[in-house]
Amino acid sequence: MKTWFITGASRGFGARIAELALERGDNVVATARNAASITEKFGERQNLLAAPLDVTNEDQGRQAVERAVERFGRIDVLLNNAGFGLLGAVEEASSEEVERLYRTNVFGLLTVTRTVLPQMRKQKSGRILNISSIGGYRASAGFGVYCSTKFAVEGLSEALHAELLPLGIFVTVIEPGYFRTDFLDSSSLSVSKTRFGDYDQTAGAVREHAANLNHGQPGDPEKFARLVVEFSDANDPPVRLPVGSDTIAALEAKHESDARIISRWRHVSVSTDFDAPSAKSA
């Protein structure tokens with residue numbers, strides 16, 4: 001039996017993963033801005049603790065962790081799931097939109113992680129699963145600011161993986177592609193209010209494509225939720241887990257593109273090293 005601490009558990013991936021964990025008998029600390037929405041969704045259960053949590057609020061995070069440990073004695077899995085998207089060209093995004101996105105997707109994840117880690121270090125065990133995105137590995141027009149937050153999550157996860165592995169704590173960043181959830185709905189995706197015609201063929205085209213793609217995405221959210229719950233038991237989990245055929249295709253395409261860049265520009269890239277000592281000076 002594990003004890004999960006899940007952010008953004010009132011809907012989407014977070015809600016379904018919480019439900020599956022509860023069904024298999026795990027303890028679940030399910031958090032959301034409105035804790036009542038958790039209770040309304042799952043009812044009163046012995047192995048469920050519904051806790052109010054705005055991930056940007058450090059005091060709320062500390063209180064939720066204290067209640068979790070008081071109720072269940074430990075935290076085995078932290079699932080950093082809370083987050084939302086922003087659609088629009090980088091120039092079109094306002095300072096307010098950018099800051100709001102970073103507060104939740106990056107600073108919120110950091111706040112919750114740093115709040116849970118003392119307990120995991122005390123236990124000398126635990127797993128941290130950070131939900132990133134296909135956009136955390138390769139950016140695309142129209143999602144530049146959103147992708148930048150997920151690039152940050154990837155970097156933090158890689159560093160945490162190295163720092164915590166000797167302590168018996170495993171960190172994995174999970175990179176889902178497009179799944180048939182409500183991510184492209186207004187409840188999860190903000191759209192920049194400003195729009196410039198010069199971007200119609202790039203970010204503007206993505207705006208139109210996103211509207212047409214909604215609820216026609218290739219990924220099955222039920223399979224994703226089951227994968228995450230099962231993955232929490234995996235031995236020697238990897239630092240990153242790409243999920244979905246579209247994510248795999250995007251990663252492979254980026255690897256090929258980067259290989260071409262290195263092949264063409266290697267002589268320039270290595271030209272800044274100190275010159276090797278000549279035979280005469282040696």
Fill in: Qualifying residue in region 111-130 (condition: buried (at least 22 other Cβ atoms within 10 Å of the Cβ), modelled with pLDDT of 95 or more and under 26 Å from ALA253 (Cα atoms))
yes
Worksheet entry | Among the residues listed as ARG195, ARG226, the single one being touching a residue at least 40 places away in the same chain (Cβ under 8 Å), surrounded by 11 or more Cβ atoms within 10 Å (Cβ to Cβ) and outside any loop (DSSP other than H, G, I, E, B) | ARG226
Practice prompt. Please tell me if ALA89 is open to solvent by less than 50 Å² (accessible area, probe 1.4 Å), farther than 25 Å from VAL29 by Cβ and at pLDDT 95 or above.
Written response: yes
Practice prompt. Report whether or not VAL65 is assigned to a strand (DSSP E or B), touching a helix residue (DSSP H, G or I) at 6+ places or on another chain (Cβ under 6 Å) and among the β-branched types (Val, Ile, Thr).
Written response: no
Worksheet item: Out of the residues in region 62-73 that are touching a Leu at 6+ places or on another chain (Cβ under 8 Å) and touching a residue at least 60 places away in the same chain (Cβ under 8 Å), which is surrounded by the most Cβ atoms within 10 Å (Cβ to Cβ)?
Response: ALA68
Worksheet item: Can LEU79 be described as at pLDDT 95 or above, over 30 Å from ASP200 (Cα atoms) and surrounded by 22 or more Cβ atoms within 10 Å (Cβ to Cβ)?
Response: yes
Item to complete: With the checklist (1) free of Cβ contacts under 8 Å to residues at least 24 places away in the same chain; (2) touching a strand residue (DSSP E or B) at 6+ places or on another chain (Cβ under 9 Å); (3) part of a helix (DSSP H, G or I) in hand, flag the one item LEU49 doesn't pass.
Response: (3)
Fill in: Residue list for region 235-272, restricted to those being among the small types (Gly, Ala, Ser) and under 29 Å from VAL171 (Cβ atoms)
GLY244, SER245, ALA249, ALA250, ALA253, SER257, ALA259
Response to the item:
Within region 24-46, residues open to solvent by less than 60 Å² (accessible area, probe 1.4 Å), at negative phi and in a loop (DSSP other than H, G, I, E, B) come out as ASP26
Discussion item. Checking the structure you have, find out if any residue of region 253-269 is at pLDDT below 95 and closer than 25 Å to GLY155 by Cβ.
Written reply: no
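If you check ASP59 against the conditions, is it acidic (Asp, Glu), buried (at least 19 other Cβ atoms within 10 Å of the Cβ) and farther than 15 Å from TYR146 by Cβ?
It is false that ASP59 is acidic (Asp, Glu), buried (at least 19 other Cβ atoms within 10 Å of the Cβ) and farther than 15 Å from TYR146 by Cβ.
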Item to complete: Please go through region 2-18 and pick out each residue that is in a loop (DSSP other than H, G, I, E, B) and of a type in the set (Val, Ile, Thr).
Response: THR7
Practice prompt. Identify, from the list GLU97, GLU163, GLU175, the residue that is touching a Pro at 6+ places or on another chain (Cβ under 6 Å) and either modelled with pLDDT under 95 or not aliphatic (A, V, I, L, M) (or both).
Written response: GLU175
Fill in: Count - residues of region 229-282 that are part of a loop (DSSP other than H, G, I, E, B) and open to solvent by 50 Å² or more (accessible area, probe 1.4 Å)
14
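The values are calculated or read from the model by the stated rules, or taken from the named source; none is laboratory data. Quick caveat: nothing in here was measured; it's all calculated off a predicted structure. Neighbour counts are summed over all protein chains in view; Cβ atoms, including those assigned to glycine, are modelled from backbone coordinates with ideal geometry. Side chains are part of the model used for accessible areas, which takes the heavy atoms of the whole protein and leaves out ligands, DNA and RNA. Shrake-Rupley method; radii C 1.70, N 1.55, O 1.52, S 1.80 Å.
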